[in-house]
Protein chains: 2
Amino acid sequence: MSVTLKDVAQAARVSVSTASRALTGTGLTSERTQQRLTRIARQLGYRPNPIARGLKTGQSRLVALLVHNLTNASFQVMAEVVQARLKALGYQMLLCIGGDDPEQESDTLTTLVDHRIDGLIVVPTGKNGAQLKALAKDVPIVCLVRRDDATDLETVLADDPQGAYLGTRHLIELGHRRIGLIVGRQDTTSGRERLSGYVRALREAGIPVDDTLILAGHFVPETGATCCRTLLDLPRPPSAIFVANHEATLGALRVIAERNIAIPDDLSLLCYEDMPWFEWHRPAISIVDNGARDLANLAVDRLLQRMDAKGSGNDGVREYRVGARLIKRDSCRQINAAPPARSGKPRSSPSRSSASKLSASKSAKV
Amino acid sequence: MSVTLKDVAQAARVSVSTASRALTGTGLTSERTQQRLTRIARQLGYRPNPIARGLKTGQSRLVALLVHNLTNASFQVMAEVVQARLKALGYQMLLCIGGDDPEQESDTLTTLVDHRIDGLIVVPTGKNGAQLKALAKDVPIVCLVRRDDATDLETVLADDPQGAYLGTRHLIELGHRRIGLIVGRQDTTSGRERLSGYVRALREAGIPVDDTLILAGHFVPETGATCCRTLLDLPRPPSAIFVANHEATLGALRVIAERNIAIPDDLSLLCYEDMPWFEWHRPAISIVDNGARDLANLAVDRLLQRMDAKGSGNDGVREYRVGARLIKRDSCRQINAAPPARSGKPRSSPSRSSASKLSASKSAKV
DNA sequence: AGCGTTCCTGCAATCGTTTGCAGTCTATCG
DNA sequence: CGATAGACTGCAAACGATTGCAGGAACGCT
């Protein structure tokens with residue numbers, strides 16, 4: 001069917017080995033044959049068979065990206081970024097969707113290594129640490145967005161503590177003192193960290209933390225709806241809601257619409273992670289941007305580095321953080337009088353540095 | 001590193017061939033050895049190497065999906081559907097993003113067949129017909145959403161003429177007579193067909209077609225913005241706008257927000273293709289649903305069928321249509337008096353049949 | 001008992017590459 | 001002029017599976 005190396009070799013009246021060496025550019029053939037072979041190969045339309053090559057070399061030129069879904073805007077841009085960068089380097093991306101389900105994740109992982117992928121970027125569920133750890137011996141792995149605590153894998157995280165802190169502080173500065181928080185499950189890194197950032201901002205402002213204002217739940221719109229209702233039905237409802245569980249945002253918006261609550265007049269709303277339509281929504285929704293694009297780029301960088309470094313041990317495993325950014329739009333408003341001018345430095349609004357800030361912290365494990 | 005068939009064979013004291021036959025279940029081995037072998041294989045943790053197998057059999061268990069982007073909601077659900085269905089059958093999905101760029105498409109296509117994919121679902125740009133046609137000899141291909149006119153490939157399309165007709169008629173029934181249309185490029189199937197549906201609805205209602213109300217453009221938000229502005233700046237602006245270019249929707253919404261135009265009071269708005277947030281947007285946006293989920297499912301069905309049928313010629317190439325559905329929400333309102341009660345049958349609102357209607361039309365080509 | 005079937009198994013080739021090893025040829029040097 | 005290094009090249013063995021062919025055992029039949 002398709003033209004093989006043998007065909008090229010025959011046409012050039014050389015052996016397959018020579019043809020192989022000439023075309024892969026090992027420098028072990030004479031300049032002349034090399035040029036002649038490349039010419040003939042092109043004429044014949046020869047394309048090396050990656051499967052055969054893979055069998056011999058153990059490499060597939062396939063890199064997998066395992067995310068939870070494609071509904072989450074962050075995952076969308078991550079998939080696009082990873083695909084684009086890998087393609088430029090001659091890799092194909094295997095996109096897998098695990099649905100945040102440990103069983104599916106486990107399944108997928110084994111099929112992926114079966115396929116001898118050259119690398120893996122994974123948003124772990126956190127329940128398959130042992131398996132991931134084992135696979136990491138064979139394949140370079142980078143964790144993205146979430147850490148799997150049972151492993152010591154290289155991990156690229158959003159700076160969720162900072163992001164939640166930034167967002168909460170913003171609301172406080174606008175005069176809000178009762179701030180509802182709808183946050184992700186507390187058995188995930190991001191869930192815990194965002195909560196901690198929220199708490200820190202409140203503490204710093206001397207505002208007591210009211211547990212009835214804090215609701216955590218699964219990553220689905222329904223969470224947003226029920227949590228939002230609960231908050232609004234409180235005897236003393238919050239004046240602002242920080243939806244720090246991205247998937248819950250739609251649900252929260254629905255409840256707000258249902259109840260005819262005006263944003264930002266009746267209620268200030270701040271969300272986490274950007275989505276294209278937040279900007280076109282009316283009013284445009286203020287957000288804390290987790291930097292999905294930068295996260296993906298960094299993950300690819302790290303992965304490529306590990307793939308090049310091949311066998312050079314597991315040492316130097318780091319954890320990376322991509323800084324969060326507050327993007328003010330029109331869904332949060334000033335209330336009351338001036339914000340309780342805190343004694344701290346009256347820092348101007350966070351600098352709009354285009355490049356996101358990176359902070360690498362050596363993780364001393366192993 | 002990993003355990004091979006040879007290891008299993010040795011452990012069982014049989015030849016590799018027997019091991020292979022036993023484990024692949026060809027029925028050419030005795031019941032006893034088969035069971036023994038499967039047991040031993042499991043104990044040893046044997047996993048067949050798809051690369052080696054692929055080299056011999058010429059199959060990779062890889063199926064590619066080539067779409068333009070992941071921003072478009074339809075492509076998102078298609079990717080999710082295709083991935084889920086294929087995984088259930090033991091295939092891995094290669095997701096490629098071509099950016100609607102012929103050159104990238106061409107590139108990607110060649111690398112994909114290099115990888116010996118077993119099947120391909122592609123949203124064609126329409127500029128690489130010759131290449132697609134050639135590849136179709138080696139690989140089962142199904143076109144999705146768009147037709148490539150230079151080929152005679154099996155194609156799964158949305159029923160765009162019907163969808164645009166339905167949408168336009170809806171607006172007419174609400175009393176609108178000046179209906180702006182923002183539609184996709186006219187060198188694409190969907191672009192032309194949606195325009196034709198719009199025109200048909202107008203004709204049927206006896207409303208003259210005003211060319212100044214019809215704007216076509218590229219699949220980006222900016223198109224929506226500029227087109228929307230143009231329409232609103234008309235001496236006699238439309239009372240309703242039908243945004244039948246999905247990607248343009250965001251741009252249109254922005255302009256509407258900028259100008260403080262109230263939907264649906266000042267202007268009725270109808271969009272094409274569903275997005276999760278259309279429903280949560282305020283007001284909720286009425287749409288014509290193209291049935292992305294059903295499109296993807298049908299495409300997978302067709303592809304699998306072709307993959308099974310293997311060599312059985314190119315005959316019986318069909319074109320499939322997945323019916324569109326009008327979903328009324330809150331962005332269109334009745335204007336004027338009663339709609340000009342047309343003589344035609346006063347059909348009740350389109351039946352809400354859950355299963356989308358399919359109409360297959362034999363394409364007589366070749 | 002002899003013979004043909006049926007059933008199971010093993011040998012060895014094959015898929016398209018890569019790669020260690022050994023051989024050939026030329027050129028250079030003593 | 002002969003030896004030797006160096007530069008290319010070819011042979012053949014991998015990689016891990018599948019598969020046509022043939023051999024051997026067991027069985028039933030005449």
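Key figures
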{"read-out": "Test: residue in segment B:260-272 that is under 19 Å from the mean Cα position of the chain (by Cα), crowded, with 24+ Cβ neighbours inside 10 Å and more than 14 Å from every other protein chain (Cβ to nearest Cβ)", "value": "yes"}
{"read-out": "Helices (runs of 4 or more DSSP H) wholly inside segment A:210-316 that include at least 3 residues being touching a residue at least 60 places away in the same chain (Cβ under 8 Å)", "value": "A:292-309"}
{"read-out": "Condition met for B:Glu103 (out of contact with any helix residue (DSSP H, G or I) (no Cβ under 8 Å at 6 or more places or on another chain), farther than 20 Å from A:Thr108 by Cβ and more than 16 Å from DNA strand C (Cβ to nearest atom))", "value": "yes"}
{"read-out": "Residue satisfying condition, being away from chain B (no Cβ under 14 Å), more than 17 Å from the chain's Cα centre (by Cα), on the phi < 0 side of the Ramachandran plot and at pLDDT below 95, within set A:Asp138, A:Asp152, A:Asp107, A:Asp148", "value": "A:Asp152"}
{"read-out": "Segment A:74-88, residues that are charged (D, E, K, R) and either over 17 Å from B:Asn72 (Cβ atoms) or more than 8 Å from every other protein chain (Cβ to nearest Cβ) (or both)", "value": "A:Arg85, A:Lys87"}
{"read-out": "B:Arg47 at the interface with another protein chain (Cβ under 9 Å from one of its Cβ atoms) and either touching an Asp or Glu at 6+ places or on another chain (Cβ under 7 Å) or among the charged types (D, E, K, R) (or both)", "value": "yes"}
{"read-out": "Verdict on B:Thr71 being polar (S, T, N, Q) and over 18 Å from the mean Cα position of the chain (by Cα)", "value": "no"}
{"read-out": "B:Arg53 touching an Asp or Glu at 6+ places or on another chain (Cβ under 8 Å), near DNA strand D (Cβ under 8 Å from one of its atoms) and either aliphatic (A, V, I, L, M) or at the interface with chain A (Cβ under 10 Å from one of its Cβ atoms) (or both)", "value": "no"}
{"read-out": "Residues being over 20 Å from A:Arg53 (Cα atoms) and not aliphatic (A, V, I, L, M) - total across segment B:48-91", "value": "13"}
{"read-out": "Residue ID - farthest from A:Arg116 (Cα to Cα), chosen from residues in segment B:1-15 that are within 14 Å of another protein chain (Cβ to nearest Cβ) and buried (at least 17 other Cβ atoms within 10 Å of the Cβ)", "value": "B:Leu5"}
{"read-out": "Residue that is farthest from the other protein chains (Cβ to nearest Cβ) [pool: residues in segment B:273-293 that are crowded, with 24+ Cβ neighbours inside 10 Å and touching an Asp or Glu at 6+ places or on another chain (Cβ under 6 Å)]", "value": "B:Asn290"}
{"read-out": "Residue pairs meeting the criteria (Cβ under 6 Å; at least 6 apart or on separate chains; first at pLDDT below 90, in segment A:22-36; second within 13 Å of DNA strand C (Cβ to nearest atom) and charged (D, E, K, R))", "value": "A:Leu28/A:Arg21; A:Thr29/A:Arg21"}
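Let's see how each residue does on (1) touching a strand residue (DSSP E or B) at 6+ places or on another chain (Cβ under 6 Å); (2) of a type outside the set (Val, Ile, Thr); (3) more than 14 Å from chain B (Cβ to nearest Cβ); (4) within 13 Å of DNA strand D (Cβ to nearest atom):
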| site | (1), (2), (3), (4) |
| --- | --- |
| A:Thr18 | no, no, yes, yes |
| A:Ser30 | no, yes, yes, yes |
| A:Thr38 | no, no, yes, yes |
| A:Gln43 | no, yes, yes, no |
| A:Ser60 | no, yes, no, yes |
| A:Val63 | yes, no, no, no |
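The values are calculated or read from the model by the stated rules, or taken from the named source; none is laboratory data. What you are looking at is a predicted structure, and each value in this text was computed from that prediction instead of being measured. As a convention, Cβ positions derive from the backbone with ideal geometry for all residues, glycine included, and neighbour counts pool all protein chains shown.
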